[in-house]
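Structure first, then comments.
The values are calculated or read from the model by the stated rules, or taken from the named source; none is laboratory data. Every value quoted in this text rests on a predicted model; they were computed, and no experiment measured them. FYI the Cβ positions are ideal-geometry reconstructions off the backbone, even for glycines, and counts take in every protein chain you see.
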Amino acid sequence: MKPLVCIYCEGNDTKLAVVGKDKDSDKVKVFRTASVSITPSAVDIEAGATGISLDDGLQLEGLEGESTTIESNVEDSSIDEIQKVLSGLNLSQYSFIPALTEPSIYYHLYEGSRSSKPAKLKQAIIDEILETKNVSVEKDSIDFTELSDKSLLSVFLVGEVACINLINSVAAKNGKRFYSVPTVKSSDISLAYYVAKKKKFFPDDHSLIVYIGKEYSKLIFLQGRRLKHIGTTLDIGVSNLHTYDVYFSKILLEMENGGIPSLDNIIVCGEDDSENLILSFYGTFPEANVSRLEFDDLDLTDIDEETKERFSAFSILIATAVDYYDELSGLHEGINLLPKSVSEEQKFFQFSWQSYAILPLLFVVGFLITQEVLENSSTLSKLDAEITEKTLLMRQNQETLGKIAQLEGKISSFDQTQAILDSATAGTGVWNEILRDISKFTSKKKSIWLSKLSRRDQQTVIAEGYSLSRYALTDFAYSIEQATLNSMLYESLRDRNAYKFNLTFNISTYPKENE
């Protein structure tokens, strides 16, 4: 799950806790805690400002005829101190959860008719608040929870939330427009949920949660494990408390207001959970089981020992984190007071009414552009197919042209081949004729034979051989047209006398009719 930075603004004291939780783990791990003193800067309010008045103690009188100074902004030194606490963290990956109490949030007890539809029921509560308190509440700034007596306790915001402004100041200091704020919680309701989850109360038990802060304290009553009554904020804390007796009178008064006859359990938490405080409660409520709020369900390995000893001061922050994580896990339905203005500010796209008016036109334009793109895409696909077909045809034509070129080469060389064949055929006819004549002569004159017959050049033929008779050689020379007996040498051939001859004749002078 996404890690959280829980912030609880209590007067000039702001507490922070950085926590996280794995999906597979039941324990919430605490990484850092801090308590920062917030110093406000003065801002002038112009004369004529209009205020609101609530019968439960919420009063902002109309300011007319004079200029009034109120404290609203936070000095840079306080922001720098918070920056130091959160240094080294990638805050864009964290969710900021503000925990608010009175006077930042207001409570209204609703006992009217209930609609089965949550939206109509919320509207009925808003109408009753407007009628009884003359306060207009936005639907996103109000939520409700059911009490032990089945009545509804509504919680709502009016105006800006100082704790959210503080978060935005930290974001601006880091160059961010905002940090993620998914919800705004009621610190009282979250603390009641956390204590009821940890403690095993009997259904009829009446229990009191006493949270003691630095400047303020809270009294929260439970019946069984359900919220019974939230007392008004006490303007006493560890910084201005002189005796514990003042708590006892306030408790008795709130018990009367909430219809609580007695107390079975008292759980102490906050800035003071000392043994003296517990003993004082034992003395005033001897029948009640008084105990501290323990945190054995948390992983505190990253926290130093000094912080662990006073860890109860961060009870509300831990309760807020557990409340939110259980809500994400679907274990229960918590309070969410996130104003619409804040949720709209955190949207990635922010639209005014003019932007919403032009949205249909944007859809029409987008549709037309999409249609044009699809048509062009279809045309391009057809052209691509045609180009592919033409390319294939071109390759086939190139192959055909290559075959034609080969055939043309063969055809062009055919004439040369034919001429050579014709020439060879003609020469073959002459040779046939010459060989026939020589064969005819030698068949008659068996005393002569040829040993070599070759060509000196294109026309001249050389004949060499042997003969036993010189007269036979003379006759042989006369038998061939225009033959010349070049030499006739006497040689002994084994035991016989022989004549070696060399005879030449011109083939071109051979009779043409023999070709």
How do the pairs read when you match residues in region 463-489 that are surrounded by fewer than 13 Cβ atoms within 10 Å (Cβ to Cβ) with residues anywhere that are of a type in the set (Ser, Thr, Tyr) and part of a helix (DSSP H, G or I), using Cβ under 7 Å and keeping only pairs 6 or more apart or on different chains? Gln482/Thr509
Does Ile434 count as out of contact with any Lys or Arg (no Cβ under 8 Å at 6 or more places or on another chain), in a helix (DSSP H, G or I), at pLDDT 80 or above and surrounded by 15 or more Cβ atoms within 10 Å (Cβ to Cβ)? no
Criterion first (under 19 Å from Lys15 (Cα atoms), part of a helix (DSSP H, G or I), in contact (Cβ under 8 Å) with a residue 60 or more places away in the chain and touching a Phe, Trp or Tyr at 6+ places or on another chain (Cβ under 8 Å)) does Thr307 satisfy it? no
In region 130-146, what residues are of a type in the set (A, V, I, L, M) and surrounded by fewer than 20 Cβ atoms within 10 Å (Cβ to Cβ)? Leu130, Val135
Selection status of Ser381, free of Cβ contacts under 8 Å to residues at least 40 places away in the same chain, surrounded by fewer than 14 Cβ atoms within 10 Å (Cβ to Cβ) and closer than 30 Å to Leu227 by Cα: no
Identify, please: which residue in region 93-129 is among the hydroxyl-bearing types (Ser, Thr, Tyr) and farther than 24 Å from Ile316 by Cβ and is, among those, surrounded by the most Cβ atoms within 10 Å (Cβ to Cβ)? Tyr110
Mind listing just one residue for me: the one in region 270-298 that is surrounded by 18 or more Cβ atoms within 10 Å (Cβ to Cβ) and of a type in the set (Asp, Glu) and, of those, nearest to Ala34 (Cα to Cα)? Glu271
Quick one: how many residues across region 148-165 are buried (at least 16 other Cβ atoms within 10 Å of the Cβ) and part of a loop (DSSP other than H, G, I, E, B)? 4
Got at least one residue in region 20-29 being in a loop (DSSP other than H, G, I, E, B), of a type in the set (Lys, Arg) and modelled with pLDDT of 80 or more? yes
